[in-house]
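The block underneath contains the structure these notes are about, expressed in structure tokens.
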Amino acid sequence: MLEKLLILLFASNVLAQVCMPDAPEAYKVRLSIKTALGDQAYTWNDNELYLFRATLAFAMRNYLSGQLFDVSNILVCNETERVSFWFMVKSVTNPTTLIEKQHVENAIKESRHRINSAFLLTDQTLEFLGILPTLASPFVPATPPWLIAFGVVMGVVGAGIVYFLVAAVVQRKRKKTLDEEEEAKGATENEIAGENLDGIYNTSFSDDEKVTEM
Amino acid sequence: MEKGAARAEWDSPVQFILACVSYAVGLGNVWRFPYLCQMHGGGGFLIPYLLMLFLEGVPLFYLELAIGQKMRQGSIGAWTAISPYLGGVGLASVVTSLYLCLYYNIINGWSFWYLFHSFQAVLPWSTCPLSANRTEPLEECRVATPTQYFFYRETLNISPNIETNGGIHTGQALCLLLAWVMTYLFIVNGVKSTGKVVYFTATFPYIVLTVYLIRGVTLHGAVNGITYMFTPKMEELANPSTWINAATQIFFSLGLGFGSLIAFSSYNQYNNNFERQAIIVSLINSGTSIFASIVTFAVYGFKATVNYENCLDRLRLLLMNTFNLAEDVISQDNVLDWVEKLNTSYPLEFAQIADKVETCDLTKELSTAVEGTGLAFIVYSEAITNMPLSQLWSVLYFFMLLLLGMGSMLGNVTAIITPIKDFKMFSGISEELLNGVVCIFCLLLGLGFTTPSGNYWFTMFNDYGATFSLLFIVLFEVVTVSYIYGIKRYIEDMLGHPPNWYWKIMWGGVSPLLLIALLIFYIINYIRGGTPTYQAWNQELGQAVVTEYPVFGQVFIALLIVSSVSCVPMTALYAYCRRRRPSATAVYT
């Protein structure tokens, strides 16, 4: 009984001594579970915290290959009902020293996506204060898509203009040949066939009498 | 045999009405009227607006149609026929129309640019491009909004002021080229092709507006905008600028003085009943303005509500993170109560974040009124990014803007080409060639607006190129035609009955007096306003800054106004000199 008390005291002493907010090796984490998941949100409890410590250990293992980090290497303190807390990472090789901030940051940056997925959260809802998420660069296609749309519309309009111009030219040419034909025909139509243009004198209508009878 | 070729005509009176509607219903109905409505007391603004419609809008519209139909020529020929000394009025119209053509198609170019950019999975103006180290957005985009960044940087590549310039923006130049090519396609055969195109350009925008109305009023928070707009603030009626703005809006919205209406009606049959058509088109134009402003305000309300709720959300997050409260304790509804509570219980900690605490005010969001290109390309695009299926709404919206702009362009270009064709010198040239030359000429000059400082020149043309000159021209029109020429007898000739007493009163007294009052107001405003200013985009601040025009800018403004207005006295002088010479045997028509 007394041993258990002593162990508990010792453990909490270690924690109280080492894990402090605003320590040079500590990071603050903030989770916004309800914002991310709404109705599907899970409640934050000690088990979730254990998972968190496990994923962080996983991240450290990946980064510093060879060193087998464990849940006990991740120290957590100052939990709030916001669901935010501070954590620090103890070294495997030397349990009294802490891993520097830069290494922790790099480890987290590498495995960020895995850490987010473990909690069904995103870069914005699982925040590590001080570690800026690397934003995904937007996909840039080879030809800008607007040029394609532009090319299509320009092609259609250009084809329309060519059609109208050609139609106008064809119509004009057709009209000109029609006019020319008409002129050529009209010259012969207006002439009367035959040589005697004065007409033939019809004697049946003339009177030999020089003096009209009353 | 072809010398006395019959003048081209509209296939039916319906084409003429649709052409006038297509011309008059333009971008101003969508982006100027809602702004005025908001500035001058919402629903109450309709009173001066409708009053001005009947006092000056309809009578002046009727007058221009009468002139064109009687003279059966474009503006220069028509005025020269009325009196050789008045040919300058027509010339001034053509010059003003030329300025308008130069800068108006740039807007169509922008509409094309935005339309083509809507065919992407993510609308490019909804997110910021990233900075070099990919940790945060570009600085200019951060201080401004993504939609502003896209308009000012990626679309215009705007320079800090009008003096600084650079090379032509290739994308803009291509879109302007397409705009002119399309304009040419619509007018290539003159009235024959224009008459068919207007069936589409006049009717399709209404379909889109109706679809947008349904979408708009079903948006979250749209009701806020509509109630804000329609709550009349009657005290605004006491403000004289309300009445002046109503008068100028009616005047410019109907497109009077450019010569387009004269050109359109010159292709009418002699006995066409334009009296009814004038009333119909004017009423349709005003009705469309009111209709468009309902849509605009529904969208405004949506955007303001979204911004307000985002502001509340940011505040909530700030409080939660600072005071480590659980997520579901503060909601959007009780954020403001919590602000009070935390301020009183933890004044020290609250003081630390006091500079980050924003005041979220829905009325303030609603009252940020915007007009012009800012409304169309920034505010509206921002609202669209928040709608579901934003690509579809974006395509529909910019297509509608394009149709509205193209429809007005038809009238603008016809106003230049018809008078040119009437000159005997040019009657030998084929129609297609003449149209093509005019389009290419305007395109080449318009390329100047695609340079980095181009938007400032555009604003200059927009503000000064047509405003004063038009009032001057139309005043001349009304006074000379009703008093000196005596149009009333010709109307009886054309329509079969003399004009109503209403028309006679308006032409004789009311409309000229109104125009003189507007002219005086403009002159006073210009003198009192000091140096003319423009809005320059400041890259570091991410907002527009009021800057004075440099000397060459002011000189150019003066040139713009003088070049069109001086046509009237100069032509009168020229005609007088020709008359004085005994060998003057000029035949004008």
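Annotations for the structure displayed:
- Selection count where residues are at pLDDT 90 or above and over 18 Å from the mean Cα position of the chain (by Cα), scope the range B:181-206: 15
Residue-wise test of (1) aliphatic (A, V, I, L, M); (2) under 21 Å from the mean Cα position of the chain (by Cα); (3) within 14 Å of chain A (Cβ to nearest Cβ).
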{"residue": "B:LEU178", "(1), (2), (3)": "yes, yes, yes"}
{"residue": "B:LEU209", "(1), (2), (3)": "yes, yes, no"}
{"residue": "B:THR218", "(1), (2), (3)": "no, no, no"}
{"residue": "B:VAL223", "(1), (2), (3)": "yes, no, no"}
{"residue": "B:LEU256", "(1), (2), (3)": "yes, yes, no"}
{"residue": "B:TYR270", "(1), (2), (3)": "no, no, no"}
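- Residues located in the range B:339-371, provided they are farther than 30 Å from B:MET229 by Cα and touching a residue at least 60 places away in the same chain (Cβ under 8 Å): none
- So B:TYR49, is it among the aromatic types (Phe, Trp, Tyr) and surrounded by fewer than 24 Cβ atoms within 10 Å (Cβ to Cβ): no
- Scope the range B:161-194; condition under 20 Å from B:GLY407 (Cα atoms) and either of a type in the set (Lys, Arg) or outside any helix (DSSP H, G or I) (or both); matching residues: B:VAL188, B:ASN189, B:GLY190, B:LYS192
- Consider the range A:127-177 and keep the residues that are in contact with a Lys or Arg (Cβ under 8 Å, 6 or more places away or on another chain) and outside any loop (DSSP other than H, G, I, E, B). The one that is farthest from the other protein chains (Cβ to nearest Cβ) is A:PHE128.
- Selection within the range B:93-147: residues that are in a helix (DSSP H, G or I) and among the β-branched types (Val, Ile, Thr). The member of this set that is surrounded by the fewest Cβ atoms within 10 Å (Cβ to Cβ) is B:VAL143.
- Residue in the range B:291-314 that is within 14 Å of chain A (Cβ to nearest Cβ) and within 29 Å of B:GLN535 (Cα to Cα) present: yes
Residues checked against (1) within 11 Å of chain A (Cβ to nearest Cβ); (2) aliphatic (A, V, I, L, M):
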{"site": "B:TYR104", "(1), (2)": "no, no"}
{"site": "B:PRO129", "(1), (2)": "yes, no"}
{"site": "B:LEU156", "(1), (2)": "no, yes"}
{"site": "B:ASN165", "(1), (2)": "no, no"}
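- Answer residue from the range B:410-433, given it is within 14 Å of chain A (Cβ to nearest Cβ) and either of a type outside the set (Gly, Ala, Ser) or crowded, with 24+ Cβ neighbours inside 10 Å (or both) and is farthest from B:TRP110 (Cα to Cα) among those: B:ILE429
- Answer residue from the range B:114-127, given it is more than 7 Å from chain A (Cβ to nearest Cβ), under 28 Å from the mean Cα position of the chain (by Cα) and not small (Gly, Ala, Ser) and is farthest from A:VAL152 (Cα to Cα) among those: B:TRP125
- Test: residue in the range B:195-206 that is within 30 Å of B:THR451 (Cα to Cα), within 14 Å of another protein chain (Cβ to nearest Cβ) and in contact with a Leu (Cβ under 9 Å, 6 or more places away or on another chain): no
- Filter result for A:PHE85 (crowded, with 17+ Cβ neighbours inside 10 Å, within 14 Å of chain B (Cβ to nearest Cβ) and not basic (Lys, Arg)): yes
- Every residue from the range B:271-320 that is closer than 22 Å to B:GLU382 by Cβ and among the hydroxyl-bearing types (Ser, Thr, Tyr): B:SER293, B:THR296, B:TYR300, B:THR305, B:TYR308
- Restricting the search to helices (runs of 4 or more DSSP H) fully inside the range B:428-540 and requiring at least 2 residues that are among the acidic types (Asp, Glu) gives B:431-446, B:487-495.
- Restricting the search to helices (runs of 4 or more DSSP H) fully inside the range B:221-316 and requiring at least 2 residues that are more than 23 Å from B:GLY372 (Cβ to Cβ) and of a type in the set (A, V, I, L, M, F, W, C) gives B:260-266.
- Selection status of B:SER563, polar (S, T, N, Q) and closer than 30 Å to B:GLU275 by Cα: no
The values are calculated or read from the model by the stated rules, or taken from the named source; none is laboratory data. Every value quoted in this text rests on a predicted model; they were computed, and no experiment measured them. Every residue, glycine among them, receives a Cβ derived from its backbone with ideal geometry; neighbour counts consider all protein chains shown.
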